[in-house]
Amino acid sequence: MDRSIYTALNSMNILRDNKSVTAQNLANINVTGFQKDIQINFESVYLDRDKGIDPRVMALQDIGGFDPSPGPTQPTGASLDLAIDGSGYFIVKPVNGKLALSRRGDLTVSADGTLRDGAGTQLLSVDLEPITVPPYRKISISGDGIINIEPLNAPAGEIVRVGQLATTSGSEVPLAKSTDGFVRTINGTIPEPDNRIRLLSGFLEGSNVKSVDELVTGIDQSRAYEINVKFISTAREIDEASASLMRMPS
């Protein structure tokens, strides 16, 4: 069999992975604070270079990452809706897994009284502990993450400080998405809270995925996949033609 078929198969494997990334981005286009995944980049390497010729090029993959740019911000007016102004992250504790970073700010007070986002992930305090919110009449969160409530059974106008959200502006260690979809440093840790970012109360940040870009990318990927399928068919025809030339005449 002509070995060019393996070049096409390698490219098809990379395209398959990229199509999964595109599908993942489109599936999360309406998820609050979602940061889109970046596709695997193609790189090329020439084979048989040591023989002085470059007969074939093999596709290599350069691992993708994620896009940390902020998504569009929309006003909601809800006191527990938060958006991060610019870059930065909340420090959170997923339902399963180690501490992580997130930009999701659609907060609620769960049945157990802890502060969680729309996915059930706990928001942590500056002490990296879960935040418990007592029953309240009113709640507000300031730009630096301080949570104040007017307790349910307290005299009108009495304000009690519940805690302060842990936020971080980033890390000197590069960030990456883990397999659970949360952001951590490349060594699996999280940076210390510095609370230098500004929060916007009554706003939510949308996904930074642009649907048109993803749809166009998906079309390009499908076309490239079809080209490689045709290339494999051509390689098979060449292989069959070569085999027929080698047969002894009857």
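The values are calculated or read from the model by the stated rules, or taken from the named source; none is laboratory data. No experiment lies behind these values; they were computed from the predicted model shown. Every residue, glycine among them, receives a Cβ derived from its backbone with ideal geometry; neighbour counts consider all protein chains shown. Just the protein is used for accessible areas: all its heavy atoms, side chains included, with ligands, DNA and RNA removed. Shrake-Rupley method; radii C 1.70, N 1.55, O 1.52, S 1.80 Å.
What are the ³J(HN,Hα) values, in whole Hz, obtained from phi via the Karplus relation 6.51 cos²θ - 1.76 cosθ + 1.60 with θ = phi - 60°, for each residue of region 190-202 in sequence order, with x given for Gly and Pro?
10, x, 5, x, 10, 6, 9, 8, 10, 9, 10, 7, x
Put a dot 7 Å past each Cα toward the Cβ at residue 98 and residue 129; how far apart are the dots in nm?
Each label point lies 7 Å from its Cα, and together they span 2.3 nm.
Roughly speaking, what is the centre-to-centre gap between region 73-99 and region 157-198 when only Cα atoms are used, to the nearest Å?
What the calculation gives is 10 Å, centre to centre.
Figure the gain on full extension for residue 161 and residue 112 (residue separation times 0.36 nm, minus the Cα-Cα span) and round it to one decimal in nm.
15.8 nm
Would you calculate the convex hull of the Cα atoms in region 136-250 and tell me its volume per residue in Å³?
Looking at region 136-250, the number lands at 218 Å³ per residue.
Taking 0.36 nm per intervening residue step and subtracting the Cα-Cα distance, what contour gain separates residue 139 from residue 69 on full extension?
Roughly 22.3 nm would be gained on extension.
Can you list the lysines whose alpha carbon is less than 29 Å from that of residue 98, not counting same-chain residues fewer than 8 positions off?
Those lysines meeting the cut-off are 19, 36, 177.
Taking all protein chains in place and a 1.4 Å probe, what share, in percent, of the accessible surface of region 92-250 do carbon and sulfur account for?
56 percent
So for region 65-128, Kirkwood radius off the Cα pairs, Stokes-Einstein at 37 °C and 0.692 mPa s: how many µm² s⁻¹?
My calculation gives 257 µm²/s for D.
Taking all protein chains together and a probe of 1.4 Å, list 136, 89 from the most accessible to the least accessible.
Highest to lowest solvent-accessible surface, that is 136, 89.
Which FRET efficiency, nearest 0.05, do residue 229 and residue 176 yield, Cβ-Cβ r, R0 22 Å?
E(calc), rounded to 0.05, equals 0.10.
Whenever you get a sec, line up 223, 103, 16 from highest to lowest accessible area (probe 1.4 Å, protein heavy atoms).
My answer, sorted largest first, is 223, 16, 103.
Between residue 146 and residue 186, what is the spin-label point distance in nm, taking each point 7 Å from the Cα along the Cα→C-beta axis?
Rounded to a tenth, the inter-label distance reads 3.9 nm.
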